[in-house]
């Protein structure tokens with residue numbers, strides 16, 4: 001039912017209010033923009049019998065486009081964009097006043113979109129002093145636009161403006177919630193990729209999910225050269241001759257320098273644009289920023305004018321923050337891998353150097369044979385051992401253990417080994433040798449480092465061995481005449497710990513078949529998860545296999561230790577030296 005002219009029975013204002021209340025209630029109850037405009041068009045039929053109805057909405061650039069229309073061809077609506085002041089609709093938008101034309105044939109502003117139109121009414125939709133759009137109604141006769149109908153429509157216009165604003169806000173809120181969900185999924189997806197090239201390839205696919213681009217590139221910042229380097233491109237056409245752009249150069253360089261996105265509708269009108277791709281007409285550049293530091297830019301280009309909008313800027317800006325973090329993580333991971341590879345190379349060289357400090361072969365002679373075993377808990381070990389051929393059937397043996405593991409302990413072990421070797425050939429007795437070595441290590445050593453070490457001097461011609469110890473686990477002695485293996489209880493203060501430490505010599509007679517086992521605490525303290533290996537178990541194994549040669553005996557002792565560990569890693573460096581008297 002349309003609003004009729006005023007009657008004598010009911011005042012005009014009351015009549016209008018009576019007609020408008022259900023319409024306003026119906027319109028305000030709809031929040032979905034897709035349903036709101038058809039509802040408005042349907043409800044307006046109760047006020048006026050129109051031929052054409054347009055609901056124009058304002059754009060960021062101030063122009064007006066039809067959000068909903070009735071009565072003319074969709075192809076016409078698709079290309080319709082009015083500037084303020086253009087046509088009767090534009091005039092209403094520019095003046096923010098209702099414009100009514102009884103005879104459009106006499107008004108040069110009239111834009112004929114369909115035949116049969118005689119009169120037109122354009123009402124600006126204003127909310128909080130902001131032009132939301134324009135309600136445009138065209139009819140076959142001016143009679144439809146009687147004063148009662150025009151008044152009703154003008155009153156209704158304010159409510160329509162509020163309803164349209166609410167619907168647009170609802171749509172933006174729903175869109176933003178969907179965007180956040182998408183960005184959350186994207187964040188989880190990209191955060192798990194640590195290979196930079198793989199990440200950039202995935203990012204190109206991700207951006208395609210949120211913006212259906214034509215041409216896309218990712219430039220990453222080389223901070224030393226202060227230039228953006230193209231690392232990933234999609235549909236850029238022929239390979240660009242210029243793949244590096246200085247900071248502040250072109251749209252990409254300026255966006256990176258200012259840390260602000262740049263949106264250009266027509267690059268031909270922008271002096272900042274670098275003409276690298278002839279087909280480009282519009283461009284959007286978004287910097288990739290993390291912790292206020294630029295790591296690169298997104299560059300989207302199109303052969304269409306005005307291809308990108310503010311929503312694209314919002315989407316890409318939110319996405320760029322996540323991608324910037326993922327790129328930074330990938331770069332840090334790549335640097336970590338490079339450092340690890342370099343460290344592994346250096347450790348490999350250090351291992352070779354350390355093994356070069358050990359004897360090449362286990363010595364043997366008419367009166368003795370030896371075997372040695374060394375396993376570091378880490379890449380490098382802090383244990384040491386050495387043999388010294390002092391001449392005249394005299395063999396020196398050293399086994400030591402530096403406090404700590406890894407590179408520092410290995411360096412200190414090399415220092416201690418060199419100190420002992422230099423003293424060994426001076427033919428000092430073991431206790432005197434340890435005294436002199438301790439003074440050197442204390443004077444020239446490093447605070448916090450010390451070494452436990454046993455030194456033995458085997459004199460096969462005299463038939464005795466003299467030894468001194470500075471805190472290493474007691475050496476073991478298998479006596480062939482008793483068939484028992486026991487520890488040689490001789491101790492002392494670690495080398496390098498105290499400057500005035502003194503040591504004692506222990507002398508043991510040598511008999512054919514006797515075995516001496518020197519060990520670091522990595523053997524006795526080896527842990528299988530429940531208990532330590534212990535010196536007692538090593539004594540039992542030495543007794544059980546004492547009849548073997550020194551090399552076979554050493555292998556048997558290590559094999560038993562491996563069975564005990566059952567694959568568990570060593571807690572400390574392991575050194576074992578066997579000397580057997582022939």
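The values are calculated or read from the model by the stated rules, or taken from the named source; none is laboratory data. Please read all numbers here as calculations on a predicted model, not as lab measurements. Cβ placement follows ideal geometry from the backbone for every residue including glycine, while neighbour counts extend to all protein chains displayed.
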Checked pairs for the range 120-132, first touching a residue at least 24 places away in the same chain (Cβ under 8 Å), second surrounded by fewer than 24 Cβ atoms within 10 Å (Cβ to Cβ) and assigned to a strand (DSSP E or B), C-beta under 6 Å and 6 or more apart or across chains, list as 120/101; 121/100; 122/99; 125/132; 131/58
Flagged in the range 316-328 as surrounded by fewer than 20 Cβ atoms within 10 Å (Cβ to Cβ) and over 14 Å from the mean Cα position of the chain (by Cα), in numbering order, are 317, 318
Would the range 106-119 turn up any residue that is at positive phi, at pLDDT 80 or above and not in a loop (DSSP other than H, G, I, E, B)? no
Inside the range 530-543, the number of residues satisfying the requirement of being without any contact (Cβ under 8 Å) to a residue 24 or more places away in the chain and either touching a helix residue (DSSP H, G or I) at 6+ places or on another chain (Cβ under 8 Å) or buried (at least 20 other Cβ atoms within 10 Å of the Cβ) (or both) is 3
Per the filter on the range 241-261, residues at pLDDT below 90 and exposed (fewer than 14 other Cβ atoms within 10 Å of the Cβ) are 241, 242, 244
When (1) closer than 19 Å to residue 88 by Cβ; (2) touching a residue at least 12 places away in the same chain (Cβ under 8 Å); (3) touching a helix residue (DSSP H, G or I) at 6+ places or on another chain (Cβ under 9 Å) are applied to residue 112, the one that fails is (2)
For strands (runs of 3 or more DSSP E) lying entirely in the range 442-529, having 2 or more residues that are within 49 Å of the chain's Cα centre (by Cα) and surrounded by 13 or more Cβ atoms within 10 Å (Cβ to Cβ) picks out 451-459
When the range 206-230 is checked residue by residue, the ones that are surrounded by fewer than 17 Cβ atoms within 10 Å (Cβ to Cβ) and within 15 Å of residue 327 (Cα to Cα) are 222, 223, 229
For the range 187-215 the number of residues that are within 15 Å of residue 312 (Cα to Cα), assigned to a helix (DSSP H, G or I) and out of contact with any strand residue (DSSP E or B) (no Cβ under 7 Å at 6 or more places or on another chain) is 4
Restricting the range 285-303 to residues that are surrounded by fewer than 17 Cβ atoms within 10 Å (Cβ to Cβ) and free of Cβ contacts under 8 Å to residues at least 40 places away in the same chain, the one nearest to residue 230 (Cα to Cα) turns out to be 293
Log entry, pairs with first residue in the range 426-444 being assigned by TED's automatic domain parsing to the domain that holds residue 500, second being buried (at least 24 other Cβ atoms within 10 Å of the Cβ) and part of a helix (DSSP H, G or I), beta carbons closer than 6 Å, six or more apart or on different chains, reads 437/420
- request: Inspect all residues belonging to the range 547-558 and state whether any of them is at negative phi, touching a strand residue (DSSP E or B) at 6+ places or on another chain (Cβ under 6 Å), part of a strand (DSSP E or B) and in contact (Cβ under 8 Å) with a residue 24 or more places away in the chain.
  value: no
| Regarding residue 100, is this residue under 23 Å from residue 147 (Cα atoms), without any contact (Cβ under 8 Å) to a residue 24 or more places away in the chain and assigned by TED's automatic domain parsing to the domain that holds residue 147? | no
